[in-house]
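To start, the structure under review is shown below, and the notes come after it.
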């Protein structure tokens, strides 16, 4: 599980729009370009599930489920390519039996399979948006408020030795 500190920007029902800075870990993340940049800078904003009741201005600790991010990365990047290659191989193998050129069969079935895979991904995205399964979750909150009062001055004088 990846954990990140963020600031709550606004609230919307059971969700909070949070803002965080890109960290060094973002450079190695395959999803770094999918995060919404605020003004093209280092800040990112996204929705997070807010079960702890964070308020606007609060500093919060977020939990990103790493396994789910890996699953999404596979689905988004590798699945369409695997389906494209499988479709092309099947098209190449079966094209002669239908009297079609092998290259045309491979290209046709490969691209058809690729577009079907994209359709499957879009359907899965719609379903995933209806659940909180892939959204980060706020784990803890540090309330915004006035800074702590400075310590009171001590009225005690140092012990003086009589001379």
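Once the Cβ-Cβ distance between residue 19 and residue 78 is put in as r, and R0 is 25 Å, what FRET efficiency do you end up with, to the nearest 0.05? Using R0 = 25 Å, I get an efficiency of 0.20.
The relative contact order of the stretch 69-129, computed from alpha carbon pairs under 8 Å that lie at least 6 residues apart in sequence, is 35 percent. Each distinct pair of alpha carbons in the stretch 65-116 adds a 1/r term; the inverse of their mean, the Kirkwood radius, is 11.6 Å.
Hey, with R₀ at 22 Å, roughly what FRET efficiency would residue 68 and residue 3 work out to, going by the Cβ-Cβ distance, to 0.05?
0.95
Where a number appears in this text, it was derived from the coordinates with a stated rule and is not lab data. Everything numeric here is computed off the predicted structure, so don't read it as measured data. As a convention, Cβ positions derive from the backbone with ideal geometry for all residues, glycine included, and neighbour counts pool all protein chains shown.
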